[in-house]
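See structure below.
Every read-out reported here was derived from the displayed coordinates using simple, explicitly stated rules and does not represent laboratory data. Predicted model, so just to flag it, every value in this text is computed and none were measured. Positions of Cβ are generated from backbone atoms using ideal geometry, with glycine treated the same way; all protein chains shown enter the neighbour counts.
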Amino acid sequence: MLCDPLSNYPDQIDDMVFFQDNSLEKADIMKHYNTLTAQGEYSNASNYINQQEGVYGYFADFFNLIENRIYSLQAHLQTKTKNNPFVSSQNDNEPDSVTENTIWI
């Protein structure tokens, strides 16, 4: 499965990733991939599976994609200012700071 492990957020919404079962014709490819990972040859396994077409699974590119999307979202959220939507007052008069997106308690 080839997927772009980079995230474009917040500049644009990232493409969705769809999974499906592998056909029986791809069983030998998956068997070879699993043999490589069982031997600890993760780089070789990743290179091998990235050269295949029509093979689906939870491969390194998919996990890198999820990780990069999380980091992009975290970095974007850290640029936002905190907003407290609640305004409290000590008397019964509505304070001046109540706006459309705040709640007066």
message = Which order do the peptides 28-41, 49-62 come out in when sorted by mean C-beta neighbours inside 10 angstrom, highest first?
response = 49-62, 28-41
ask   = Which FRET efficiency value, to the nearest 0.05, is calculated for Asn83 and Val17 with the Förster distance at 35 angstrom and r the Cβ-Cβ distance?
value = 0.65
inquiry  = At 0.36 nm per residue, and after removing the present C-alpha to C-alpha distance, how many nm does the segment from Ser43 to Lys31 gain when stretched out fully?
reply    = 2.7 nm
